[in-house]
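**Q** Dumping the structure here so I can ask a few things about it.
The values are calculated or read from the model by the stated rules, or taken from the named source; none is laboratory data. Just so it is clear, the structure is predicted and the values come from calculations on it, not from any experiment. Methodologically, a virtual Cβ is constructed for each residue, glycine included, from the backbone with ideal geometry; neighbour enumeration extends over all protein chains shown. Heavy atoms of the whole protein, side chains included, go into the accessibility calculation; ligands, DNA and RNA do not. Shrake-Rupley method; radii C 1.70, N 1.55, O 1.52, S 1.80 Å.
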Amino acid sequence: MYELPGRRNNGTEFQVEIGLNPFHFDDDSVTLACIIDTAERYELERNRRDLAHLTRVSTVGQLTASLAHELNQPLTAILSNVQAAQRFLTADPIDLDEVREILNDIVQADYRASEVIRRIRAVVKKGDLEVVSLDLAGIIRDVVLLVRGDAIVRGTRVALDIEDDLPSVRGDKVQLQQVMLNLLLNAFDAMSGVPSVDRVVSVTLMRESTNTVCIAIRDRGHGLTADKLDKIFKPFFTSKPQGLGLGLSISRTIIDMHHGRLWAENNIDRGATFFVTLPVGDATEQDESR
Ligand code: ADP
């Protein structure tokens, strides 16, 4: 199969896929050429990618509380350390050990601020699907750190329970981060009306079978009425005044592309749990080579 640019009568270029099949017909050898116009397929794929990117940017936009909080801390630490250093420098003799220690603290605070920015940039990054071997536990921990400020502002706690020695999965890091981000922020939203002692989201990562791992995001919010369990995954379904209604539909597309499954269940007591299952590394590899 070859991919080449084609040209229409009106001169515009479009992408074609050409398949050549040689075969024998009586005594002649003939080649059957199949030329497929793939312009629409590319367009669809590009639109899907742009939409996913936009949703990601808008989701990160909701993290303003996190950003302000996470960046304010190191910046305040840097400022007070610099002021302390300025004071020490006026002393005679100057206590160089003290100044050295202060400079180290400044470097550490600077690292913390860069780390926050790195995490945000990783999520909003635009690019093609990059399928690599991933440590799902690391991705989950990263996203939990990203929403930490929001969790604090909303008086919510995130409890993490990650099984040891889990196998890696194959997938796109940014996209899986996006799914986790959507599910966590939805859980926070669902609990905005419950007393603060009950505002806990439990995130569990465990092995489900020999070939799959499972992430469960369990909240104690308002839960879902039976008719909503499926509807919420449809594009533009939202119950929030400012909602886009795209987070879950995009998350499901992403998990489908990873050969996994995403669904929701109501908890027996209260709230809902969102489950994501993903094949472990080797299983996806076999699937893709088919
Ligand atoms: P948005 O958050 O913009 O509304 P989503 O696609 O992420 O879009 O969610 C669609 C709808 O699903 C939400 O408006 C809400 O009604 C419902 N929903 C999502 N997560 C939860 C949850 N954890 N508990 C209860 N309802 C939820």
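**Q** Per the helix-only calculation at 222 nm, which mean residue ellipticity applies to the chain, given -39500 (n - 2.57) for every DSSP H run of n ≥ 4 and division by its residues, nearest 500 deg cm²/dmol?
**A** Computed ellipticity for the chain at 222 nm equals -15500 deg cm²/dmol.
**Q** Using only Cα atoms, what Kirkwood radius does segment 190-238 have, in angstroms?
**A** After inverting the mean inverse Cα-Cα distance, the result is 13.2 Å.
**Q** Oh, and also: Quick one: Cα convex hull volume of segment 74-189, Å³ per residue?
**A** Measuring per residue, one finds 150 Å³ for the Cα hull of segment 74-189.
**Q** Excluding ligands, DNA and RNA, what is the solvent-accessible area per residue of segment 155-248 at a probe of 1.4 Å, expressed in Å²?
**A** 49 Å²
**Q** Let me ask something additional. Per the 1.4 Å probe, what fraction of the accessible area of segment 124-253, in percent, lies on carbon and sulfur atoms?
**A** Here carbon and sulfur together make up 52 percent of the probe-accessible area.
**Q** Could you give the size of the charge dipole of segment 1-122 about its Cα centre, using +1 on the Cβ of each K and R and -1 on the Cβ of each D and E, expressed in debye and rounded to the nearest 20?
**A** Once rounded to the nearest 20, the dipole reads 520 debye.
**Q** Return a whole-number percent for the relative contact order of the chain, with Cα pairs under 8 Å and 6 or more residues apart as the contact set.
**A** 13 percent
**Q** Ratio of Rg to Rh for the chain, alpha carbon only, Kirkwood?
**A** 1.13
**Q** Using Cα pairs closer than 8 Å and at least 6 residues apart in sequence, work out the relative contact order for segment 69-200, in percent.
**A** RCO, segment 69-200: 26 percent.
**Q** Segment 189-275: percent of C-alpha pairs farther apart than 23 Å?
**A** That tail contains 26 percent of the Cα-Cα pairs.
**Q** Follow-up. Under a straight-distance cross-link criterion of Cα-Cα below 28 Å, which lysines are reachable from residue 125, leaving out those fewer than 8 residues away in the same chain?
**A** 173, 234, 240
**Q** Classify segment 109-265 from the C-alpha gyration tensor, please: rounded if a/c falls under 1.5, else prolate or oblate depending on whether a/b exceeds b/c.
**A** Verdict is rounded for segment 109-265.
**Q** Something else: What ranking of 8, 46 comes out by heavy-atom accessible area, probe 1.4 Å, highest first?
**A** 46, 8
**Q** Would you tell me the accessible area of residue 228, worked out with a 1.4 angstrom probe on the heavy atoms of the protein chains, in Å² to the nearest 10?
**A** It works out to around 60 Å².
**Q** Another one. If you stretched the chain out fully between residue 165 and residue 10, how much longer would it get, using 0.36 nm times the residue separation minus the C-alpha to C-alpha distance?
**A** 49.9 nm
**Q** Please report the relative contact order for segment 151-223, taking Cα pairs under 8 Å with a sequence separation of at least 6, and give it as a percent rounded to a whole number.
**A** Result for segment 151-223 is 38 percent.
**Q** Ranked from the most accessible area to the least, with a 1.4 Å probe and all protein chains present, what is the order of 259, 53, 69?
**A** The residues order as 259, 69, 53, largest area first.
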